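Read-outs throughout are calculated quantities, based only on the coordinates presented, and are distinct from any laboratory measurement. Note that the coordinates shown come from a computational prediction; the quantities given were computed from them, not determined experimentally. Glycine gets a Cβ as well: all are built from the backbone with ideal geometry, and neighbour counts include every protein chain shown.
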Amino acid sequence: MKAADFAYEKPDNLNAALELLAREDCDMQVLAGGQSLMPMMNFRLAQPELLVDLNGVSELSFIEEQPETITIGAMTRYANLAASDVIKEHVPLFQMALPHIAHSAVRNRGTIGGSTALADPAAEMPALLLALEATITVVSVGGAREIPANDFFLGLYETALQDGEIIKSIAIKKAKPQNRFGFYELARRHGDYAMAGVAIASTSIDPVCDLRIALFSVSDKAHRLPHAELAFEGENLDDTEARDAAFQELDDFDFRGDLNADGDTKRHLARVVLTRALETMMP
Amino acid sequence: MTGPTHIFDQPNAYIGRSVERPDAQRLVQGRGQYVDDLQLPRMVHAAFVRSPYAHAKITDIDTRAAEQAPGIIAVFRGSDFEDYVTPYVGTLTHLQGLRSPPQMPLAVDAVRWQGEPVVMVVAQNRALAEDACALVEIEFEPLEAVCDAETALEPNTPIIHSAYDNNRAWERLVDAGDVDTEFNRGDVTVVDHVFYFARHTGVTLEARASVVEFNPSDNTLIYHYSGQAPHMMQAILSKILSLPEENIRIIARDVGGSFGIKIHLYGDDLATAVAARILNRPVKYVADRNESFVSDIHARDHRVKGRMAVTSDGKITALEIDDLTGIGPYSMYPRSSGIECNQVLNLTGAPYAIDNYRAKGTIVFQNKNMMCQYRAVGHPIAMAVADGLLESAAHEIGMDVVEIRRRNLFKDNSYPTSSAAGMKFDDLSHQQALEKLVEFMDYDSLRKDQEAARQRGVYRGIGLVSMVEVTNPSPMFYGIGGAPISAQDGATVRLDASGALHVSSSITEQGQGTNTIIAQVAAGVFGVNIDRVKVTTGDTATTPYGGGTWASRGAGIGGEAVLLAANALKEQVLDVAGTILQCARESLSIDNGVVIDAQTGAERISLGELGRLVYYRGNELPSDVSPELVATRHYRVTDFPFVFTNGAMAAHVEVDQDTGFVKILDFWAVEDCGRVINPKLVDEQIRGGVVQGIGGAFYEECVYSEDGQMLNASMADYLVPMAAEMPDIHIAHIETPTKTSVLGAKGAGEAGTGGAPAALLNAVNDALRPLNASIYQMPMTPQRILKALGAV
Ligand SMILES: Cc1cc2nc3c(=O)[nH]c(=O)nc-3n(C[C@H](O)[C@H](O)[C@H](O)COP(=O)(O)OP(=O)(O)OC[C@H]3O[C@@H](n4cnc5c(N)ncnc54)[C@H](O)[C@@H]3O)c2cc1C
């Protein structure tokens, strides 16, 4: 299993990378942690003519604290996030989810930008960003744009990124003391992609205010549950009517099966993970 | 008397001690020598174009573009090999009626499974070979694929081989006693279940790999082999390639796991040898993971209908099974794909004294990858069916699952005896093993805990298995059926001038520690420090002739040959020592590298000194003395077709009824493999085996689409058991040495894999019982458990 032939460039700054990416004469991909791209290349599912390696662009690797937000550079690795006190303090949802993302070897290389750009329907990161209402900054030679997570993930491996653009950074609002978060996933083996999972964030829970529920590994992409979120507004987390409304939304939801779980199983497990995640958030 | 009474009690006897593996450090430091590590001058690399269809006619193959690609040495199609290869047929005469068409290394006119090699590309490196593979154009005319074994024999199902009238490969019936009468008796309870065992495969850390060198000047072929049976490979390559056997040398250096996967002849490996011969230069082929999944043999894939009748006091009066298995399009060469089904028929219910037993086995062809022998051949099926029915019956009649075993197991004082299927047993300890297990796992407390947990809405289950394992096979396994597979093994032990011992043996090392136990036996029996023993295995040019390591035979058969050879050498050395020391040889012994006075233990002459005298200063010896400091002995099992072992195992699990997830809380195994040569190695064999059993029970499955595409042919999608989910596996032993050898060792390599699935199935069903659910399908995935619970 060897990759098809490709050219390779390793720019050492962002501008040089963007200039390479502006080239229109060849089919190219950027390389971040390589934990998804390299297997795809070895399977020859991806055959870029030019590989632009971002691992030399140190300005993409940072965790920065501002008064209201935490900004994370695209090349920041899962392992850096897990080890960061800033993340621990201000993005507790990441803290909950990171141990479930693959294994340490993969977390040592895999990046937040790579996972976000890939938009794997089973990945945790898109759901975390949806629940946290993160803002994704993308750049190209033409300049930068800011895209809310809600508008970024469009479908199966499909995002709002355009040709020549890469993710530069991701901004997340700092957690406030009254905020609550929940995370639950069911994976057959530790570190596997989940059979179903959910990430939840709430401005407060007593009563519920501004609940954001994002399911992952159930469909074509990570999905918010707007009806359920609304049903809980102003109620308690153990409110049965709100829970029934959430289950109703799941009944109508377009679940897509995979090798481990067909659509019906996904629906059932979605109820379970939602219930269990909400339970962990109860006072 | 205080001196040694027996070879096993000598001061430096290593048998029974957890000696560290001398090769562990080398392997852990990455200094192993696997086939892919070989770099030979002028070596070229092979890649294969494999069939994307499960069943299709080949109407055209266009290799022109591939031949023009950069770095290409040659492109071969199946027909290019016709002058070099004698087609081979994977049948054995003792599996009467088993049929299979002749095979060739590459598909010629039709493809019969997705992944079958069709075109071989040889290039300067593997990447270039793969580039050129993409340029090969093959026109296929897709045919309807036969995938489901259950419909393979129906009249409207297409026939895979036009030479045959249907897709049946083999059928066998065992009928002992009077099953029908017993089932129809009014006073028995009958339970019946249909068991499904999915296909899975043995995922070796080192993939299959071949480097083949051909030297036209002396017509010799060297095959660097990652596998278990060098002499078998030598014989079959000789036959297929029409080369004299002695001109073929098989070398197996370090082997990164095999589990039965690498003991068969694969088309791509054979093609590598043919290409080397045509090209007159070394050719390397290393299967990648994707290729491994679609071409390494698969195993299991059985549907067994089973029923059992028990009296109200728990006595099994009759057992009946109907096993159906699909083996892919051919019976694998040279061991055939008939053995697993045959084992299921032979072994189901084998721990129990059952007079009335009927077993039907049907093997069908199908358009999926080939199936063959993988670790614990047939055992997990046989044990799960019998013990699954037994525990189900126990609950029907309201009897404890331990008690029902007590009432049916062969009694420890009943040997020699035979089972209804005709298996001959001796030196087994079922009763003792069960009682030890019950105590070891603290069965009564677990039952109390289970009850308490249920009150809290937590569903825990306890499941057991009593089992046998086929080990140390005699020629009745393969040789009798015409396969060039040796059931005897040899060992040569040589004393060098320095007093070191060199042992070469025909059994092989695949990572389980064979070489360590060879050294232990030789050092202990002969009387040197184990540091002074060097072991050679895996080379047909330098080792005695033998079968290799499979069917849990290495220690029992190969170990006995080492014991006999070491004993013989000891006698020879003492003869020389008697001459040198001018004393009766009977008054001497060897201990820790020194010839000693047997009575007083006083040092007489070191082996180094003796060796130097013999080798360098022979002039000091009387001229009519011709010392032989080398001895060779061979051993085979004669009185029994197999030497059975027995064991009892138990699993403790917790089922999450909301998710269908099962947590294995604990696992216990009590094993009687006869004399334990190295407790640590035996325990790790059992643990590793249990883990593979857990794989079969919960994780591993080759998932196929309806049209015969394997859907999870990667390590991302095919789930092997991983450390985080594994329970503690507690192990205890009973040692009932086999009387068939001095060493008394039986096999231990497959027990865990054979027994664990049954115990786990029973444990899960025990947990599900209060929820009125049951499952008889493996792997027991969360989705299947949820379906059994009616949750989805
Ligand atoms: C064994 C294993 C288990 C795994 N388990 C999980 C799991 O449980 N959950 C999970 O979420 N993931 C899992 N993964 C995937 C892993 O998290 C990947 O690392 C991640 O999805 C991609 O990140 P990366 O940095 O490796 O990206 P790469 O593989 O380098 O790139 C992925 C894609 O994103 C593009 N890309 C990368 N960076 C950027 C950027 N800054 N801007 C635009 N495009 C970019 C690349 O061009 C490529 O198309 C697993 C991977 C492995 C090997």
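A few remarks follow.
- Spatial separation of Cα centroids for the range A:1-28 and the range B:689-744, in angstrom: 44
- Once the gyration tensor of the Cα atoms in the range B:411-540 is diagonalised, the equivalent ellipsoid follows with semi-axes of 43, 24, 16 Å, ordered largest first.
- Label-to-label distance, nm, for residues given as B:Lys411 and B:Asp531 (7 Å Cα→Cβ offset): 5.3
- Global geometry of the range A:8-53, whether rounded, prolate or oblate, following the gyration tensor of its Cα atoms and the 1.5 cut on a/c: oblate
- Summary value for chain B: 16 percent relative contact order, contacts being C-alpha pairs under 8 angstrom separated by 6+ residues.
- 37 °C / 0.692 mPa s Stokes-Einstein diffusion coefficient of the range B:318-411, Kirkwood radius on C-alpha pairs, µm²/s: 226
- Computed 3J(HN,Hα) for the range B:628-634, one whole-Hz value per residue from the Karplus formula 6.51 cos²θ - 1.76 cosθ + 1.60 where θ = phi - 60°, is 10, 9, 9, 9, 10, 9, 10, glycine and proline marked x.
- About the centre of its Cα atoms, the range A:15-147 shows a dipole size close to 460 debye [charges on the beta carbon of Lys, Arg (+1) and Asp, Glu (-1) only; nearest 20 debye].
- For the range B:241-378, the percent of C-alpha pairs falling in each 10 Å distance bin, counted from 0 to the bin holding the largest distance, reads 10, 31, 26, 18, 10, 4, 1, 0.
- Taking amide H atoms as placed 1.01 Å from N in the peptide plane, the amide H of B:Val119 lies under 5 Å from those of B:Val49, each 5 or more residues away in sequence or on another chain.
- Mean separation of Cα contacts under 8 Å, 6 or more apart, over the residue count of chain A: relative contact order %: 15
- Other-chain or far-sequence residues with amide H under 5 Å of A:Leu154's (modelled H): A:Thr159, A:Ala160
- Loop sites in the range B:409-469: trypsin sites (Lys or Arg not before Pro), DSSP, at most 13 other Cβ within 10 Å: B:Lys411, B:Arg456
- Coarse-grained scattering of the range A:109-177 at q = 0.13, 0.19, 0.25 Å⁻¹, given as base-10 log I(q)/I(0) from a Debye sum over alpha-carbon atoms: -0.34, -0.70, -1.16
- Charged side chains reduced to their Cβ positions (Lys and Arg at +1, Asp and Glu at -1) give the protein assembly as shown a dipole of some 2400 debye around its Cα centre.
- Here's the list of lysines a cross-link from B:Lys680 could span, going by alpha-carbon distance under 30 Å and ignoring same-chain residues fewer than 8 apart: B:Lys262, B:Lys411, B:Lys424, B:Lys436, B:Lys534, B:Lys570, B:Lys663, B:Lys739, B:Lys746.
- Neighbour net charge for B:His634 - beta-carbon separation under 15 angstrom, K R +1, D E -1: +1
- Using the empirical formula 2.2 N^0.38 Å as the baseline, the Cα radius of gyration of the protein assembly as shown reaches a ratio of 1.03.
- Rounded Å value of the spacing that divides the Cα centres of the range B:320-399 and the range A:156-221: 47
- Mean separation of Cα contacts under 8 Å (6+ apart) over length of the range B:310-397, as relative contact order %: 40
- Computed lengthening from B:Glu403 to B:Arg17, 0.36 nm per intervening residue step minus Cα-Cα distance: 135.4 nm
- A Cα-only calculation for the range B:67-226 places Rg and Dmax at 23.2, 78 Å.
- Total lysine pairs in chain A at Cα distances under 17 Å, for residues eight or more apart or on different chains: 5.
- Cα gyration tensor shape of the range B:374-453, rounded if a/c is under 1.5, else prolate or oblate by comparing a/b with b/c: prolate
- Cα centroid separation - the range B:545-624 against the range B:89-164, whole Å: 55
- 3J(HN,Hα) along the range B:202-208, derived from phi through the Karplus expression 6.51 cos²θ - 1.76 cosθ + 1.60 where θ = phi - 60°, amounts to x, 8, 7, 4, 8, 5, 4 Hz, with x in place of Gly and Pro.
- Of the trypsin sites (Lys or Arg not before Pro) found in the range B:19-79, those in coil by DSSP whose Cβ has at most 16 other Cβ atoms within 10 Å are B:Arg31, B:Arg42.
- When the GluC sites (Glu not before Pro) in the range B:384-466 are filtered for DSSP coil states and for at most 14 other beta-carbon atoms within 10 Å of their beta-carbon, no site remains.
- Calculated from backbone phi, Karplus (6.51, -1.76, 1.60) coupling profile of the range B:83-96 in Hz, x at Gly/Pro: 6, 10, 10, 8, x, 10, 10, x, 10, 10, 5, 7, 8, 4
- Degrees separating the helix A:263-281 axis from the principal Cα axis of chain A, which is the longest one: 70
- Global form of chain B, assessed from the alpha-carbon gyration tensor, a/c cut-off 1.5: oblate
- Using Cβ point charges alone (K and R +1, D and E -1), the dipole size of chain B about the Cα centre works out to roughly 820 debye.
- Working note: Cα gyration tensor of the range B:514-612, eigenvalues times five, square-rooted, sorted largest first, giving semi-axes of 29, 13, 12 Å.
- Taking Cβ atoms as reference points and 10 Å as the exclusive limit, the residues near A:Arg77 contribute a net charge of +2, counting Lys and Arg as +1 and Asp and Glu as -1.
- Projecting the Cα positions of A:Met38, B:Leu428, B:Met308 onto the charge dipole of the protein assembly as shown (unit charges on Cβ atoms of Lys, Arg, Asp and Glu, taken about the Cα centre) puts B:Leu428 furthest along the positive direction.
- Kyte-Doolittle mean at least -1.0 and Cα axial length at least 30 Å: DSSP H helices in chain B: B:559-581
- Amide H contacts of B:Asp539 (H built 1.01 Å from N, under 5 Å, at least 5 apart or other chain): B:Ala252
- Counting 0.36 nm for each residue step from B:Ser714 to B:Arg612 and taking away their Cα separation leaves a gain of 31.0 nm.
- Note that the range A:1-105 shows a convex hull volume over its alpha carbon atoms of 122 Å³ per residue.
- Radius 13 Å from Cβ of B:Asp37, net charge of other residues (Lys, Arg +1; Asp, Glu -1): +1
- Comparing the range B:1-144 with the 2.2 N^0.38 Å rule of thumb, its C-alpha radius of gyration ratio is 1.71 (two decimals).
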